Amino acid sequence: MCFTFAPHKTRNMETIYLLIVVFLLCLAVFDLFVGVSNDAVNFLQSAIGAKVATFKVVLIVASLGVLLGATMSSGMMDVTRHGIMLPSHFSYHEVMIVFLAVMVTDVIVLDMFNSLGMPTSTTVSLVFELLGGAFVLAMLKMHSDPSLAFSDLLNTDKALSVIIAIFVSVAVAFFFGVVVQWISRVIFTFNYSRISHIATALFGGVAFTALSYFIFLKGLGKSPYISADVRDFMQANITWLLCATFVVSSIAMLLVQLVKVNVFKFVVLMGTFALAMAFAGNDLVNFIGVPLAGLDSYLDFTTNAQGVSADSYLMTSLMENAKTPPFYLLLAGVIMIIAMATSKKAQNVIKTSVDLSRQDEGDEMFGSSLAARSIVRFCQETADRCSSVASHVPVLGKVAVWVDSRFNKQAVVLDNGAAFDVVRAAVNLVLASLLITVGTNLKLPLSTTYVTFMVAMGSSLADRAWSRESAVFRVTGVISVIGGWFITAGVAFAACGIVALAMSFGGLAVQFAFIALVVFLLFRSNKASKKSAEAGANEDVFRLMMRSRDPEIVWDLLSKNVAEVQASMAQFADSCFQGIEEGLVDNRPSLLRHVRRDLSKKRDMLKKIRRRQILALRKLPADIVIERNTWFHVGINASMQYIYCLTRMLEPVKEHVDNNFTPLSKEMVDEFKPVKEKIEALLKTTADSISQRSFDNYRQTLKEADKLKDELSVVRKRHIDRMQTSNTQNLQAGLVYLNLLQESQQLLSNMRHQLRAVKKFEEN
C-alpha cells in the first residue's frame, strides 16, 4: 500500500507545483504590461516633454532600446536566484513558497499603494519582498536546525550592497543632475542656438561616448552572445576605442549641424534609446525574474529529484548563474513593446516628473509640508547670505552677474508645447542612462523610476525652474517620492514575511487562498483603472491648456472647463443637500459621515482646480482677462461657498444624529419637504443651464430663487415663534432645524451668485 501511494502523492504534488509555476508565469505577463505601462514615462517623458519628435518616432526608438536591453538582461536574473537568499540550504518546497509569496505580495502591495495614491517602485518592492520571505523561512530553519546561521541562508553581503545601491542612487542621481545641468546651462544658456557649432558637437560627442562606454563596451562586452575574442579585444583596447568614439562622434555631430539637424534633439533620441535599453536590462528581472527562477526550480526538481520529496530536495542548482533562454528574453521584450504601444498609460507620458520639472509654471501636484517649508526657507536664507557676501567682494559680484546672465529664461528656446528645452532633456536622459547602466553592469537592480525622477528634479533645480512660489510644492513632491520609497521597503519586507509564514504553516489551502485573493485584486484593479481613466479627463484638459500657446484654443478649453466644473459643483451641492436632509430625517449617521468625507475631498479638489484655471487664465490676452477675471473669481468663490455652507449645515445635523437626540417632529419634516424639493429643482436647473452653456431661463431662475428665499424667511419666522411658545423638550431638534433653514437660504444665495457669474464670464 505504501509502495503505490507514494508515487501517486508525488504526481499530485508535481501537478500542484506545475499549477503554481503556471500562475507565476501568468503574473509575469501581467507584471510586464502593468510595469511597462507605469514605467514607460521614465524613458519617454524627456523626449516628449521637450517635443523633439512625434510620439510614434519616440516610441520606435524606445522599442528598439527595450528589445536590445531585454536580450542583454540575463545576468540580472541572478538577483532572484541567489542574490538575496542562498538556495543551496533551502528545499524545493521552501523555495517555491518564497517565490509564490513574493509574487502574491507584489500584487497586494501594488494594489494597496495604488489605492492610497502613494508612489512605489517595482525594484524596491522585489528586493525587499525577496528579503522578507527568505528571512522568515531562514528564521524557521534556524529554529529547527541550530547549526545553521544567517550567513548560510542569506546572501547578506550581496543583499546589503543591493539595498545600499538602491538608496544611494537617489542622492547620486540628484547631485549629478544638479551639477551637470548647471555646467551645461552655463555653457549653452537658454538660447543654445547662438552657441558655436563646435561646442555643441563636443557636447554630443561626450554624450555619445559616455553612452557607448557603458552600454556597448560594458554591456555588450559582458554579453554571452559576443565571442570571447571580441570581448578580450574590447577590454584590451578600451582607451583607444573611447578616444576613437569621441573623435568620430564629435565630427559626425559637427557634420549633422551643417545639414540643419539639431544635435540636442539627436542626443535626446539617442538617450531615449539608451534609457529604454537600460530600463529593460535592469527592470526586466522585476517582472520575470521570480517566475523564471520558479520554472527553473520546477524543471530541476522534476528532472533530478528521483523520488526525493519536495521538502528534502535542496535547490543547489539555483546557485549557478542564470542561463535564461534568449527566446524568453526576446518574448518579454516584445510584450514590453506591445504594452508601450497599446497602453493608454504609456501614451499619457507627461506625468509627475514633467510637471515637477517643467520650466514654466504648472500644476503643483503635491501640497506643502513642514519639512519642505523648512528646507526651502533654510536654502533661501543661505542664498541671501551668500549674495550679501558676494556683493562686498567685487570679483565674486562680477562672476555672479555673469552666471545670472547665462540663466536668462526670457531667451529660452522651446518648441511649441514643450515643458522644457532640449538641453535639459539631453542631460536628463544621458545621466539617467549612465547611472542605470552602471547598476546593470554591476548587477545592482536600481530603480529606474526614482533614478530618472531624481535626475529630472536635480536638473530642474539647477535650471532655476523652482521659483519661490513653486519650490515648497516641488520639494514636497521629492520628499513624498523618497518617503514612499522607504515605506515601500518596509511594507514589502513585512508583508512578504507574513505571507510566507502563513503559506508555510497553512499549506496548500492558504497558498491557493492567496492565489484567489490575487485574482480578485487584479480584477478589481482593472475596474478601478477604467474609473481613474475617466476621472483623468480634467487632467488632460489642463495639460492641453498649459501646452497650447494659441490664446483662442486656451480660451475655448478654459471656458468649457469652467462650465463643467461649475455645473458639477451645483450637482454636488444638490447631492450633499439631499444627503444631509435624508440623514437627519431618517437618522442615518453613516450617510452623514459619507457626506462629510465628500465635502472634504471636494474642497481640496476645488482648490487644485482653482489654481489650474488661474494659470490658464494668465495665458490669455490682457483685454480678455480684464473683462472676465472678476466674474471668474465670483464664480469660483460661489462654488467654494457651497462647501462652506453645506459644512455649516452638516455639522449640527451630524452631532444631533450621532448623539441620538430626539428627531425632528413630523410637523417640521412636512413643513420643510416642499421647500427642499424646490431647492433641489433649482439646483438641477442651474446645473443644466451651466452645463449646456445656455442661459435663456436665467432671469426666471433668479426670480424663483428670490421667491423661495422669501418663503424660507416665512418658514423660519414661523419656526422661531413656535420655539418660543412650545416646551423645551425638543429644543435641540428645533435649533438644528433653524440652522437648516438659515443655511438653505444661504445655499440659494450662493446658487444665484454662481449662475450670474458663469453667465457673465461666458458673455463678456
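Since every read-out is calculated from the coordinates, none of them should be taken as a lab result. Keep in mind it's a predicted model, so treat the numbers as computed, not measured. Please note: Cβ atoms are built from the backbone with ideal geometry, for glycine as well, and neighbour counts cover all protein chains shown.
In summary, the aspartates and glutamates within cross-link reach of residue 760, defined as a Cα separation below 18 angstrom excluding same-chain residues under 8 places away, comprise 556, 564, 623, 627, 688, 696. The gain in end-to-end length when the residue 625 to residue 665 segment is fully stretched comes to 9.2 nm, 0.36 nm per residue minus the alpha carbon separation.
Each label was represented as a point 7 Å from its Cα along the Cα-to-Cβ direction; for residue 590 and residue 231 these points are 6.4 nm apart.
For trypsin sites (Lys or Arg not before Pro), the sites in the range 576-630 that DSSP calls loop and that have at most 12 other Cβ atoms within 10 Å are 618. Of the Cα atoms belonging to the range 554-686, the radius of gyration and Dmax stand at 17.9, 58 Å.
Legend: calculated FRET efficiency, residue 252 to residue 464, from the Cβ-Cβ distance at R0 = 35 Å, rounded to 0.05, equals 0.60. Placing R0 at 56 angstrom, the Cβ-Cβ distance between residue 597 and residue 334 gives a FRET efficiency of 0.80 after rounding to 0.05. With each label modelled as a point 7 angstrom along the Cα→C-beta vector, the residue 707-residue 64 pair spans 7.2 nm.
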